[in-house]
1. Given a Förster radius of 41 Å and the C-beta distance between B:Lys206 and B:Asp404 as r, what FRET efficiency does 1/(1 + (r/R0)^6) yield to the nearest 0.05?
2. 7 Å from Cα along Cα→Cβ at both B:Ser191 and B:Arg526: what's the point-to-point distance in nm?
3. 7 Å from Cα along Cα→Cβ at both B:Ala454 and B:Arg347: what's the point-to-point distance in nm?
4. List every residue whose amide H lies under 5 Å from the amide H of B:Val439, counting only residues 5 or more places away in sequence or on a different chain, with H placed 1.01 Å from N in the peptide plane.
5. Sum up the charges of everything whose Cβ sits under 9 Å from the Cβ of A:Glu36, counting Lys and Arg as +1 and Asp and Glu as -1, but leave A:Glu36 out.
6. If amide H atoms are built 1.01 Å from N in the plane of the peptide, which residues on other chains or at least 5 residues away come under 5 Å of the amide H of B:Phe24?
7. Once the piece of chain linking A:Leu21 and A:Leu56 is laid out straight, how much longer is it, given 0.36 nm per residue of separation minus the C-alpha distance between them?
8. Looking at segment B:4-171, send over the antiparallel percent of its DSSP beta bridges, to the nearest 5.
Amino acid sequence: MAEQLQRHTFVVYVEDKPGVLNRVASLFRRRGFNIESLAVGHTETPGASRMTIVVLTDAGGARRLEANLYKLVNVLRVQDVTEVPAIFRELAMIKVATTRETRTDVMQLVDVFRARAVDVAPESVVIETTGTEDKIDGLLEVLRPYGLLEVVRTGRVAMVRGPRGVVVDPADLPARGPRGAAAPEDPEVSHSV
Amino acid sequence: MASMRTGAQIIWEALVREGVTTVFGYPGGAILPAYDALLDYPIRHVLVRHEQGATHMADGYARASGQVGVAVATSGPGATNMVTGIATAMLDSSPIVCITGQVGSRVIGTDAFQETDVTGVTLPITKHNYLVSHVDDVAPTIHEALYIARSGRPGQVLIDITKDAQQASTELQWDPGDVKLPGYRPDLRASDTEYSRAADLINGSKRPLILAGHGVLLSGAMAQVRELAERANIPVAMTLLGIGGFPALHPLNLGMMGMHGEAWVNQAIQEADLLLALGMRFDDRVTGNTKTYAPNARKVHIDIDPSEFNKNVKVDVALAGDLASVLDDLAPRVTAGDRKGWLDAIRDMKGEVAVRDIQNLPDSGHLYAAHVINDIWRLTGGKAVIVTDVGQHQMWEAQYYHHDEPRSLITSGGLGTMGFALPAAIGAKLARPDAEVWVVAGDGGFQMTMAELATIAQEKIKINVAIINNGYLGMVRQWQEFFYERRYAATPLLSPDFAKLAECFGLTGLRIDRRQDVVPGVEKARAAEGSVVIDFRVEQEDTVYPMVPAGADLHKMIRRPSSAPIVETADDE
């Protein structure tokens, strides 16, 4: 396989059911793909969750991954948005060590990067920023000399530009929703083994 | 008229409504409510001796009949014992549904007695699985599970049902309507462009070859494959699991491809200008080194599972869909052709090697596995269902038993599961009670699951068992001979007296170590009312030829040492 490795971004709609994240993650591991980032959340459609998954692979690997994702019964829709016009964003919170002397410098960098300080303490500042990974990497690089105390990043989320997007039709979702664990009490029923 | 049923009753009621008549299982604590309800339903339950056997039986049942096989076990060890059987079925796309009991929903996650996260354990080896903890979900889940198992690429579905869901009651509302699975697409269709490109490649090819896999049987596309082959004069090579998908004695049949395929088959693949891969997945046992595989050939791949395309071998055209229907649509676009030059060239590749004709060999007094298998083929008229284990005997079976009928060879191909044969044969016999069923197993694999002889006795099933007993784990020994300087580490194998063992189980046992006794022995077994186990004491260090070493180029095979099909020693005169 002489094909070129590239970061592929998949938008994956899944049924909002227990264990689905496990199924998706297990598939990547089993087929030898390494997830670089994965972000999950609710969507415009009740009952459907949306994952944004970034994987380093070649074009053939990306196609096989898409086909394999579709083999999971709970996967509703898969789109590789790597080659389509799309907006990629990540959110990061960065806790930087500051002193009376350095705080102004740090705040200036925050302004330059259009980030926000969301917590200021005598010895630290928490900075929130959204942007591409490159932008966040850049901000981290300039903050590093001051002392990075803690960094958290959400991983990439993606949205296709223009009116058409990656969506699922709510009518496609099964009527039978996820059921709570609470079963009606029945004296005949034993919960022990 | 809705009426109250317990979850346990619903399990069986749903299975009956789905057409299930036979299940293979083993009771235990967490599945006890279901077993209590079983007595009231018209289902034949086969008590196995190990839950692995239950899954192999369900698998054998499915392979013999095309119907979904069903296995049942309790939680914890019962369920984990099923893992090997589920994985075996998965690698060979055999449709089975496994129902396991689970501890009560309130104690899940507390490491309760016999609790195992079975849906977690089986996640990578099932097509789909369910944890059912509410009685109202039992019926729809079983309906869905059987649908998923049998549709699309056939698969394995495990349903883990908590004990409280079995005990609770609900109104059974059976809704046998269409299953609504928005993310499930078993009915893919290839585009018109893809059909045209495939047809152009076929019509333009001078040296085409059909590679027929298990998909031919699973899709029931035997007639379509034959029509295509005959119309365009395309020779057919088969994978191990494709055997039976095209008549063995058809003039266009080349035989089995791959690691132990005949030399001319692999040579034809290497020289072909077009490979038409039908329901097969270019397994490494079939391709050898993929870098040098079929270097001159364009490739057309038809499979129901698009994730198989370009997985192991890059293809030029891929058509997704059910094979029979794809071939129905493709056939009108394929033009007739005589391809005489190509067929002649393949005949020349075959040369003098008349390996298929071993019945005329002089009787040397030595007993070879090939003799045994070839004699079973002749005496059964090629009409038996042969269930093999894994190893040398499996390859000899593929070489010396000629299968004209689909679903007449049942064997663990993808996973290569030793111990498969005996339980799978029980499943096959129950699926097709009128079929003559033979187990062909080695002395090693047979001992892995031989406890199921008791199941045969208890169920009063008629199966004949041919143990190809060479005192070694033969295939591993062969690899040690070729690749590890004959250092036979842990391959010499002491076995019990299998004939006596059979008697202990109430069956008939025979031991045969001379060639002249093979025919009478096989005839005796066939005529016997009950099951017969024959211990064939064959040549100990016999070798399966030809052989493509793992990862080697397909055309660089280890050939038979002489033109004789079977190694005969000097004192044979």
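Taken together, the values in this text are just the output of simple stated rules run on the coordinates, not laboratory data. Values in this document were obtained by computation on a predicted structure and should not be read as measured data. Using ideal geometry, Cβ is built from the backbone for each residue, glycine included, and neighbour counts are taken over all protein chains shown.
1. 0.90
2. With each label placed 7 Å out from Cα toward Cβ, I get 5.5 nm.
3. 5.8 nm
4. B:Val387, B:Asn464, B:Val465, B:Ala466
5. +2
6. HN-HN under 5 Å from B:Phe24: B:Val46, B:Val70, B:Ala71, B:Val72.
7. 10.7 nm
8. Bridges in segment B:4-171 that DSSP calls antiparallel: roughly 10 percent.
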